[in-house]
Every structure is written in structure tokens, then in C-alpha cells.
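> Take a look at the following structure, please.
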Amino acid sequence: MKEAVFTDQAPAAIGPYSQAVRAGELLFISGQIPVDPAAGTIPEGIAAQTRQSLRNIKAILAQAGLDPSSVVKTTVFLRSMEDFAAMNQEYAEFFQGTVYPARSAVEAARLPKDVLVEIETIAHF
């Protein structure tokens, strides 16, 4: 059994996919780009974009009754690996106090809306 999870506290899907899908004890969160859901704007710079992407993830986790400590795996897509250190600092602060999730980080030639970062997440109930 699977069910879609949606919150208006994160950007709506911009295609035929769900913000997140719960399948059993796992929550699969689609890649979150740094769009402020209230204003529809994208902040400047990798640090601010990473923070906003993580805020969007946190909102989806909360809608499902979870928090960052439930995250077991992330995949971070960066437009440039030159941004890795700055992204990593924001990421470490977000997950501070938890067991850090397993993670992959890859450089992508182009991301939706030409953002600098996109983060997908798997969490456990």
C-alpha cells in the first residue's frame, strides 16, 4: 500500500509526481528545490538555496508526522561540486544532533528552474 503525502508548506509538484509517497514504513520525498512555497521565489547562493531545500523537506516530514531524525538517506544534486563545502555546512547544521543519514552527492549539468541544489530524501517511520 502506498499513499501520497502533500503539504502547502513546501512547493507543489511541477509535474506528474507526488511531493512524497509513504510506502509501508518508508517515506520517499521527491527532490526538493529551493523554492519558497509562500512567495514562489528562489534565494540567491548555495547556502540559502540549501537551507530552503531543507526547510521544504522538513515541512514534508512534519506533514507525515516525522522530523529530520527520521531521515535515513539523501541524494544531493549540485549544479557544481565547487558548492559542496557550503552545501555541506548547511546540511550538517540541519541534521545536527541526529545520526547523519547515508548520502550521495552528485554534480548535475542542469537542475529544474536552474537552481544550484536539489535534495531527495528517504525517511523511516
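The values are calculated or read from the model by the stated rules, or taken from the named source; none is laboratory data. Source: prediction; values computed, not measured. Ideal geometry is used to build each Cβ from the backbone, glycine not excepted, and the neighbour counts take in all protein chains shown. Just so you know, the surface numbers come from the protein's heavy atoms only, side chains and all, with ligands and any DNA or RNA stripped out. Shrake-Rupley method; radii C 1.70, N 1.55, O 1.52, S 1.80 Å.
> What is the one condition in (1) open to solvent by 20 Å² or more (accessible area, probe 1.4 Å); (2) at pLDDT 95 or above; (3) out of contact with any Gly (no Cβ under 9 Å at 6 or more places or on another chain) that GLN19 does not satisfy?
For GLN19, the failing item is (1).
> Does the range 106-125 hold any residues that are among the acidic types (Asp, Glu), assigned to a strand (DSSP E or B) and more than 18 Å from ILE60 (Cα to Cα), and which are they?
Residue satisfying the conditions is GLU107 alone.
> If the requirement is being closer than 18 Å to ALA4 by Cα, open to solvent by less than 60 Å² (accessible area, probe 1.4 Å) and in contact (Cβ under 8 Å) with a residue 12 or more places away in the chain, which of these qualifies: ILE122, ILE46?
The match here is ILE122.
> Can I ask one more? Just give me the residues in the range 57-102 being open to solvent by less than 50 Å² (accessible area, probe 1.4 Å) and among the hydroxyl-bearing types (Ser, Thr, Tyr), in sequence order.
Within the range 57-102, SER70, THR74, THR75, SER80, TYR91, THR98 qualify.
> If you go through the range 57-74 one residue at a time, how many are within 18 Å of PRO11 (Cβ to Cβ) and within 11 Å of the chain's Cα centre (by Cα)?
6
> Is there a residue being open to solvent by 50 Å² or more (accessible area, probe 1.4 Å), under 12 Å from the mean Cα position of the chain (by Cα) and not hydrophobic (A, V, I, L, M, F, W, C) anywhere in the range 108-118?
no
> So, one more: If we scan the range 86-105, do we find a residue that is in a helix (DSSP H, G or I) and closer than 29 Å to LYS2 by Cβ?
Yes, that holds for at least one residue.
> Sort out which residues of the range 28-43 are without any contact (Cβ under 8 Å) to a residue 40 or more places away in the chain and open to solvent by less than 60 Å² (accessible area, probe 1.4 Å), and write them in order of number.
ASP36, PRO37, GLY40, PRO43
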